[in-house]
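Notes follow once the structure below has been shown.
No value in this document is a laboratory result; all are computed from the given coordinates. Just so it is clear, the structure is predicted and the values come from calculations on it, not from any experiment. Cβ atoms come from the backbone with ideal geometry, glycine included; neighbour counts cover every protein chain shown.
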Amino acid sequence: MSVIDTEVSPAADLETPLKFAYWVPNVSGGLVVSTIEQRTGWDFEYNKRLARIAEDAGFEYALSQTRYAASYGADKQHEATAFTLGLLGATERLKIIAAVHPGMWHPGVLAKWLITADHISNGRAAVNIVSGWLKDEFVNFGLHDERYARTEEFITVLRGLLTQREFSFRGRHYDVSDFTLSPAPVDVPGRAHPEIFFGGNSTAAQAAAGRVADWYFSNGRSLEGFQENIAGVLASASSGARTAPVKPRFGINGFVIVRDSEREATDTLREIIAKAHRPAVEGFAAAVREAGRATQDGKGMWEDSTFEDLVQYNDGFRAGLIGTPEQVAERIVLLKKVGVNLVLTGYLHFQEEVEAFGRDVLPIVRELEADLAAANGRELDVALLPEVRQSVG
């Protein structure tokens, strides 16, 4: 049975083309904790060139990572919001998402930064609110947990300050009185305000995303696992408690290994895992298990992750984006069929592999998307496709 013929979830949006993003490698060591060669740089010049390659290849988003003192396979890291602002200035069309921890920001300060970044970039700034933690960072900064309760208030205040004049809010973590930020964000048709992303696989994260987030990010999971995440978010969104103006959309993390043959791709995966930095991976596994136990139901974002999964620290191998261009494109369209709207990608060699992904994989994805829509009596809205400037021949 072809990918077109398999069942389509009611959550799937067949008319809207999938969006593609990449992790900004603003931390040293690449995106896998392994001694395998990674021709990826963490410096700004490398990342500036990468951002331009990505937007020419058909990518619409990039996500800058946030880390502070704690490291996992990395001993150097750039601050996410500053890096994001630099990349926005170096590009023309790419939307850059800055990851931030609520405990380390006040929502009013972030709202002011976001509005300024939005004006500098003509409406291309976004944020990813990160509730996940590494305990040493929070403890050494004198911060405390209650991550999801604080995050929900944080996003509520952030959105209120982005969209309202004389905004007021009184909660457990934040107290804002009659506050107006001026100027307002850029008026972008079809956008209520700069987009707010939020992620997590836990039950608490799904519930919070359903109430307040524009976008829900998931770690890499099986198709069935991601369907469970979507169902949890949509159940929360339909409970009557949602405060965001549009229904949530869904993104998934996936580590991409595209090679000329399936065997070559799977051999690369085996080499990554065989050369894993075991102490770093095991240390991260212990840290995220502790964070998971701190959630209300004891289920964290990496609850069922194996050692092999955590060699890519957001479970990217589990998304299944490993094989030939045709196999990876088919897998991506399967993700769309269960409700995915955006695929967030990582690579061993970012510049060359992002370019190759745009050239070799995206054209197949677009053909399959059009076929899928037609097979279900609909039409892919090609007017929404991003501009592609690289050669795809």
- prompt: Which is farthest toward the positive dipole end of region 19-384 among Trp105, Phe169, Gly86, measuring Cα position about the Cα centre, with Cβ charges +1 (Lys, Arg) and -1 (Asp, Glu)?
  reply: Phe169
Charge dipole of region 19-384 about the Cα centre (unit charges at C-beta), most positive-ward option of Phe250, Pro279, Asn219: Phe250
- prompt: Listed highest first by mean packing, meaning other Cβ atoms within 10 Å per residue, what order do 261-269, 108-116 come in?
  reply: 108-116, 261-269
statement: GNM of the chain, Cα pairs under 10 angstrom: of Pro25, Pro363, Pro245, the biggest fluctuation goes to Pro245
Options [x] 1.06; [y] 0.94; [z] 0.89 - which one matches Cα Rg over 2.2 N^0.38 Å as calculated here: [y]
- request: Compute the relative contact order of the chain as a whole-number percentage, counting only Cα pairs closer than 8 Å that sit 6 or more residues apart in sequence.
  value: 24
Set Lys19/Lys336; Lys48/Lys95; Lys48/Lys275 screened for pairs whose C-alpha atoms are more than 19 Å apart: Lys48/Lys275
query: Which order do Thr16, Thr156, Thr345 fall in if you start with the one that has the fewest other Cβ atoms within 10 Å?
result: Thr16, Thr156, Thr345
- request: Please build a GNM for the chain, connecting alpha carbons under 10 Å apart, and tell me which residue among Ala74, Ala286, Ala126 fluctuates the most.
  value: Ala286
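What is the dipole size for region 32-93, taken about its Cα centre, with +1 at each Lys and Arg Cβ and -1 at each Asp and Glu Cβ, in debye to the nearest 20? Show your work: numbers first, answer last.
Numbers: 7 positive and 9 negative charges, 13 e Å.
The dipole magnitude comes to about 60 debye.
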query: What net charge is computed for the residues neighbouring Lys95, neighbours being all others with C-beta under 15 Å from the C-beta of Lys95, Lys and Arg scored +1, Asp and Glu -1?
result: -2
